[in-house]
């Protein structure tokens, strides 16, 4: 600490007091802290050292002093100490005018602290209503009120009241309708979590987003939420040629014409693959309009189990594989991050769907059937017949 104040003393001596800035103060502190201490998750070293400056003005004007206090609060927020943030920010809000940008910044720090406290709480349902608590302090910019609504939605989700949480998040989005697209992204992301918690069908979630496709925030949030595999949907399927794992010859994707192809990434040793294997055997027995091709990620040490695996489940669809496990190329081509994994390729040879694995065999079958229905050609319109077809 002596070194810190020595640095600050030199800085003050070299720079006229009126020109002293918070940036220079903070930079001096940061440079004095070992990098490993500064970057350690949950480190309080920066917050503590900023706190130590609270009683000294260092030539700062009133705006600079306020900036320093807010930076101290933000450092405590980064360290995960919401109580310290509230202790610093709450008194500041009483002195800030309604229209000052600093009030918005302080309000955001306060609401964020409430959010961290909610996450750390052993019983989130007993945490206070963030929207009401903010209203008791005074009026704030829409983005601050929207963040308070978002914290409230998280509390409602913890209570299991998903409908109320969704309504609260819609209120937040309405407040931000005239703001930047990026200001709405975290609210959209939280709403996705709320919809999933409410067990809303993925197709309904997609439809909800499609209704809002003109909002520039929607592509941003969809991109942020999508896995690499999901980002492949709509793109042309990679060219694939694989050796059969249980017989001579090779299989290539171009061998299939005009029918959907379902690629099934699995291993013989993963118990998690069992229910999906059972679902695909049932699907093959009932649906003759799809080609199922299994892609084994077994290695040479486990591929010998394939014959018993095929017999155990009555598998009739072809099984291919490089016999290289995760060291092959095929899993990278389709961004397979875990097994089991399903990829539906449409008749147009574009990837039509991923995320087709449900909680059990029947749920997986339901998801597959829905995805296949979306690939079925539309029925002919009798009213569209030409005049020559009319008797």
Checklist entry - How far is helix 361-375 tilted off the main Cα axis of the chain, in degrees rounded to 10, range 0 to 90? => result 80
Checklist outcome for this item: Per-residue ellipticity at 222 nm attributable to helices in the chain (runs of n ≥ 4 DSSP H, -39500 (n - 2.57) apiece, nearest 500 deg cm²/dmol) works out to -16000 deg cm²/dmol
Next on the checklist: Over the chain, with a Gaussian network built from C-alpha contacts below 10 Å, which listed residue (305, 69, 349) shows the highest mean-square fluctuation?
Outcome noted: 305
Item to check | For region 136-213: rounded, prolate or oblate by the Cα gyration tensor [a/c cutoff 1.5] | outcome: oblate
Checklist entry - Of 74, 87, how do they rank once you tally other Cβ atoms within 10 Å and put the fewest first? => result 87, 74
Checklist entry - By count of other Cβ within 10 Å, fewest leading, how are 365, 356 ordered? => result 365, 356
Next on the checklist: On C-alpha positions alone, give me the angle between the axis of helix 142-159 and the longest principal axis of the chain, in degrees, nearest 10.
Outcome noted: 60
Checklist entry - In the set (1) 21.7; (2) 22.8; (3) 30.0, which value of mean projected area of the Cα convex hull in nm² was calculated from the structure you see? => result (3)
Checklist entry - Taking region 251-376 on its own, what percent of its Cα-Cα pair distances exceed 18 Å? => result 49
Checklist outcome for this item: Expected sort for 28-35, 89-96 on mean C-beta neighbours within 10 Å, highest first, is 89-96, 28-35
Checklist entry - Pulled fully out, how much extra length does the chain show between residue 125 and residue 286, if you take 0.36 nm times their separation in residues and subtract their Cα-Cα distance? => result 53.2 nm
Checklist entry - With labels modelled as points extended 7 Å from the Cα through the Cβ direction, what inter-label distance (nm, one decimal) is found for residue 244 paired with residue 214? => result 5.5
Item to check | Kirkwood-based Rg to Rh ratio, region 123-276, C-alpha trace | outcome: 1.16
Item to check | Among 156-168, 105-117, the order from most to least packed when residues are scored by Cβ within 10 Å on average | outcome: 105-117, 156-168
Checklist entry - Counting DSSP beta bridges in the chain, what percent are antiparallel, to the nearest 5? => result 60
Checklist entry - Shape of region 18-147 from its Cα gyration tensor (a ≥ b ≥ c, root eigenvalues): rounded if a/c is under 1.5, otherwise prolate when a/b > b/c, or oblate? => result oblate
Next on the checklist: Take residue 335 and residue 200, extend 7 Å from each Cα along the Cα→Cβ direction, and tell me the distance between the two endpoints in nm.
Outcome noted: 2.3
Next on the checklist: Report the gain in length on full extension from residue 87 to residue 370: 0.36 nm times residue separation, minus Cα-Cα distance, nm rounded to one decimal.
Outcome noted: 96.6 nm
Checklist entry - Using alpha-carbon pairs under 8 Å, 6+ residues apart, how would you state the relative contact order of region 286-370 in percent? => result 21
Checklist entry - Between 68, 173, 39, which gets the highest mean-square fluctuation from a Gaussian network model of the chain, Cα cutoff 10 Å? => result 39
Checklist entry - What's the FRET efficiency of residue 174 with residue 259 using the Cβ-Cβ distance as r and R₀ = 56 Å, to the nearest 0.05? => result 0.80
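Throughout, read-outs are computed from the coordinates displayed, never taken from laboratory work. As the structure is a computational prediction, the values presented were derived from the model and not from experiment. Please note: Cβ atoms are built from the backbone with ideal geometry, for glycine as well, and neighbour counts cover all protein chains shown.
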